[in-house]
Amino acid sequence: MAAIKSQGCGIFISDGASPEVYTEIPDVMSITGPDGSASEIDVTCLDSTAKEWLMGLPDEGTIGLDLVWGGETNNTNQVALRTARANQTITNFQMKLTDSPQSTYSFAAYVTGWSLSLGVDDAVKCTVTLRITGAVSAA
């Protein structure tokens, strides 16, 4: 079985400059997604002998991030996520895996969710949702 480790994978945020520079969002505990799908278009006719379908446009879905919150003054990339949500701006991201050669997934997304969680005997954590707009490119 061929497998790669999650440890060492990361998600990177663009500075929006030209040329773009991507820097890692630190203290990410988990990444889920993209969880894309496509709609199904029913093209079954009265003379069909079984259901017939076409696929609609792909929807790349969302990416969820769970991270340890560094605070407003400690981490500019974490704060950039909150700012992007507040400003409703499209931001470019890259997700990099630990395989060799390294797989990189590039995409543009809105930050649609940003939530802090606090608990007894726990670190302050943050959950972020990225809504992908357009295609995800793999390299």
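The values are calculated or read from the model by the stated rules, or taken from the named source; none is laboratory data. If you're wondering where the values come from, they're calculated on a predicted model, not measured in any experiment. Neighbour counts run over all protein chains shown; Cβ positions are idealised from the backbone, glycine included. Just the protein is used for accessible areas: all its heavy atoms, side chains included, with ligands, DNA and RNA removed. Shrake-Rupley method; radii C 1.70, N 1.55, O 1.52, S 1.80 Å.
Each residue in region 115-128 was checked for being open to solvent by less than 50 Å² (accessible area, probe 1.4 Å) and in a strand (DSSP E or B), and 2 pass. Listed by first and then second residue, the pairs with beta-carbon distance under 6 Å, at least 6 apart or on different chains, first residue in region 3-19 and part of a strand (DSSP E or B), second open to solvent by 70 Å² or more (accessible area, probe 1.4 Å), are G10/E24; F12/E24; S14/E20.
One residue alone among A50, A84 is of a type in the set (A, V, I, L, M, F, W, C), out of contact with any Pro (no Cβ under 6 Å at 6 or more places or on another chain), at pLDDT 90 or above and under 15 Å from T129 (Cα atoms), and that residue is A84.
Do we find that L65 is part of a strand (DSSP E or B), more than 19 Å from T129 (Cβ to Cβ) and touching a strand residue (DSSP E or B) at 6+ places or on another chain (Cβ under 7 Å) in this structure? Spelling it out, it is not the case that L65 is part of a strand (DSSP E or B), more than 19 Å from T129 (Cβ to Cβ) and touching a strand residue (DSSP E or B) at 6+ places or on another chain (Cβ under 7 Å). Is it true that some residue in region 25-38 is more than 13 Å from the chain's Cα centre (by Cα), in a strand (DSSP E or B), under 21 Å from G113 (Cβ atoms) and not β-branched (V, I, T)? Within region 25-38, one or more residues are more than 13 Å from the chain's Cα centre (by Cα), in a strand (DSSP E or B), under 21 Å from G113 (Cβ atoms) and not β-branched (V, I, T).
Taking region 60-114 as the range and being open to solvent by 60 Å² or more (accessible area, probe 1.4 Å) and basic (K, R) as the test, the residues that pass are R82, R85.
Is it the case, given these coordinates, that G33 is within 19 Å of K125 (Cβ to Cβ), surrounded by 12 or more Cβ atoms within 10 Å (Cβ to Cβ), modelled with pLDDT under 95 and small (G, A, S)? So G33 fits the description; yes. Scoring E60 on the criteria (1) over 30 Å from I41 (Cβ atoms); (2) modelled with pLDDT of 90 or more; (3) acidic (D, E) leaves a single failure, condition (1).
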